[in-house]
Amino acid sequence: MTGPTHLDATGSAPVSTGALPVPPDGTEAVPTVLGPADQVPIGEGRAFAVGGEQIAVFHLRDGTFRARSAVCTHRGGPIADGTIDQRVVMCPLHQNVFELDTGCSTTGAPPLKSYTVHVNGVQNIVLQFT
Ligand code: FES
């Protein structure tokens, strides 16, 4: 089954939101449309399942987005439900803190995996999934 399609940042090429294409060498980033940007309110995060991984997308107060692993490296807590400010997210389970720009922890936990994310010309969130 194929999911709905959306236009890319140029507004011209369709991008599938269904099954992920598999990169030939397994390392190339694949743009994946996650849907409308307004589904993630400013100052909050939402979790998305992409390619078998859980990814937390955060909408910062300056309007930018960040994407990190949604599974806390400490004991698997739900990072997307954490409290954020402009710089960090705090896991709701044991309050480890992670930098939103790097995924690195300021409290000694292993880093969260980082992904590149942006909003395209038709206001959809686009994740570069590797
Ligand atoms: S599970 Fe996130 S801080 Fe413990």
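The values are calculated or read from the model by the stated rules, or taken from the named source; none is laboratory data. Treat the numbers as computed from the prediction; the structure is a model and nothing was measured. Don't worry about glycine lacking a Cβ; one is built from the backbone with ideal geometry, like all the others, and counts go over all protein chains shown.
Consider segment 35-60 and keep the residues that are in a loop (DSSP other than H, G, I, E, B) and in contact with a strand residue (DSSP E or B) (Cβ under 9 Å, 6 or more places away or on another chain). The one that is nearest to C91 (Cα to Cα) is G43. Evaluated against (1) in contact with a helix residue (DSSP H, G or I) (Cβ under 6 Å, 6 or more places away or on another chain); (2) within 16 Å of the ligand (Cβ to nearest atom), R46 falls short on exactly one condition, (2).
Note on segment 89-125: residues that are in a strand (DSSP E or B) and in contact with a helix residue (DSSP H, G or I) (Cβ under 7 Å, 6 or more places away or on another chain) total 4. Can you pull out every residue in segment 78-108 that is more than 10 Å from the ligand (Cβ to nearest atom) and polar (S, T, N, Q)? Matches in segment 78-108: T83, Q86, T102, T106.
Per the conditions (1) buried (at least 17 other Cβ atoms within 10 Å of the Cβ); (2) under 17 Å from I55 (Cβ atoms); (3) not charged (D, E, K, R), the sole criterion not satisfied by V97 is (2). The C-beta contact set for segment 61-79 (first residue free of Cβ contacts under 8 Å to residues at least 60 places away in the same chain and over 20 Å from P31 (Cα atoms), second residue within 8 Å of the ligand (Cβ to nearest atom) and in a helix (DSSP H, G or I), distance under 6 angstrom, 6+ apart or interchain) comprises C72/I79. Summed over segment 61-77, residues that are within 16 Å of the ligand (Cβ to nearest atom) and part of a loop (DSSP other than H, G, I, E, B) total 7. Within 14 Å of the ligand (Cβ to nearest atom) and either of a type in the set (S, T, N, Q) or surrounded by 15 or more Cβ atoms within 10 Å (Cβ to Cβ) (or both), is that true of S114? When the stated conditions are applied, S114 does not pass them.
Out of curiosity, is V57 touching a His at 6+ places or on another chain (Cβ under 8 Å), at pLDDT 95 or above and more than 16 Å from the ligand (Cβ to nearest atom)? If you could, list the steps in order and put the result at the bottom.
Working: touching a His at 6+ places or on another chain (Cβ under 8 Å): no; at pLDDT 95 or above: yes; more than 16 Å from the ligand (Cβ to nearest atom): yes.
No.
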